[in-house]
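Here's the structure we're looking at; comments come further down.
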Amino acid sequence: MLLADSGEDRLSAREIDFIAQRDGFYLGTVSEDGWPYVQYRGGPTGFLKVIDDATLAYADFRGNMQLLSTGNIGHDDRVSLFFMDYAHRRRLKILARAEIIDGRDDPALLKRLSDPSYAAKPERAFVLHVEAFDWNCPQHITPRFTEAEIATRERALRDRIAALESQLNQLASSAG
Ligand SMILES: Cc1cc2nc3c(=O)[nH]c(=O)nc-3n(C[C@H](O)[C@H](O)[C@H](O)COP(=O)(O)O)c2cc1C
């Protein structure tokens, strides 16, 4: 068993829905001399695609030309993914084996993973074969909200303010 209390290796609807709602995650790889290396990966919500209940994939870019994650995976395919949902105080960790597929070898896959509205050209696909996952307890996760999440929660308030302002304007003009 790779993760304490886990033993799970097939993603259920709960994990699949959770991943589809994420706009970023942390990717841990193992360097050639054994150092853990963590990089953040972000994109439009759902950019990390669930191919099936044991496979995830996303499009990768050339980036800063260091290609550290790519290089690390070249010698050790074990990766750790860490997802945070601050708003709902949820976190999920996944262990997987990464396969890097050059876009020229599978253009259809890269197209499927790419966001057509994003101008940057993806070069390769990161395909992640899930070996284990586990949820952590919500304790100590401070709720934080993205601009989009705040906007959703503010909408009712803004609508109410607009309705009250309109009533106020009507009262002011009828009084005048
Ligand atoms: C044109 C371009 C687009 C990128 N788009 C993204 C992106 O959508 N999401 C992301 O996390 N990083 C993006 N990056 C950054 C790289 O993919 C990557 O995070 C960076 O090279 C560091 O990776 P490394 O630490 O594994 O070397 C982009 C980089 C470039 C040059």
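The values are calculated or read from the model by the stated rules, or taken from the named source; none is laboratory data. As the structure is a prediction and not an experimental result, all values here were calculated from the model. Using ideal geometry, Cβ is built from the backbone for each residue, glycine included, and neighbour counts are taken over all protein chains shown. Calculation scope for accessible area: heavy atoms of the full protein, side chains included, ligands and nucleic acids excluded. Shrake-Rupley method; radii C 1.70, N 1.55, O 1.52, S 1.80 Å.
Some observations on this one:
- The chain, accessible area per residue, ligands and nucleic acids excluded (1.4 Å, Å²): 64 Å²
- Full-stretch length increase - residue 23, residue 45 - with 0.36 nm per residue and alpha-carbon distance subtracted: 7.5 nm
- In order along the stretch 132-147, the Karplus-derived 3J(HN,Hα) couplings, from 6.51 cos²θ - 1.76 cosθ + 1.60 at θ = phi - 60°, round to 6, 8, 7, 9, 9, 6, x, 4, 6, 8, 6, x, 9, 10, 6, 4 Hz, and Gly and Pro are given as x.
- Close amide H pairs (under 5 Å, H built 1.01 Å from N) link residue 132 with 95, residues at least 5 positions away or on another chain.
- A Cβ-based charge dipole, computed about the Cα centre of the chain with Lys and Arg at +1 and Asp and Glu at -1, lands at about 640 debye.
- Selection from 25, 69, 58, by position along the positive dipole direction of the stretch 13-141 (Cβ): 25
- Extension gain, residue 16-residue 55: 0.36 nm per intervening residue step, less the Cα-Cα distance, totals 13.0 nm.
- Partners for residue 93 among aspartates and glutamates (Cα-Cα distance below 13 Å; same-chain residues under 8 apart left out): 5, 8, 9, 15, 85, 131, 134
- For the stretch 164-176, 3J(HN,Hα) per residue [Karplus equation, 6.51 cos²θ - 1.76 cosθ + 1.60, θ = phi - 60°, Hz, x = Gly/Pro]: 5, 5, 5, 4, 4, 4, 4, 4, 5, 6, 6, 6, x
- Dipole of the chain [Lys/Arg +1, Asp/Glu -1 at C-beta], most positive-end residue of 43, 164, 82: 164
- Residue 124 long-range amide H proximity, modeled H, under 5 Å: 60, 103
- Approximating the spin labels as points 7 Å out from Cα along Cα→Cβ, the residue 66-to-residue 32 distance works out to 1.6 nm.
- Sorting the segments 56-62, 46-52 by their residues' average number of neighbouring beta-carbon atoms within 10 angstrom, most packed first, yields 56-62, 46-52.
- Cross-link reach list, aspartates and glutamates versus residue 121, counting only Cα pairs under 16 Å and skipping chain neighbours closer than eight places: 60, 102, 105, 106
- Of all accessible heavy-atom area on the chain, the percent that carbon and sulfur account for (1.4 Å): 53 percent
- Computed over the Cα atoms of the stretch 13-141, pair by distinct pair, the Kirkwood hydrodynamic radius stands at 15.1 angstrom.
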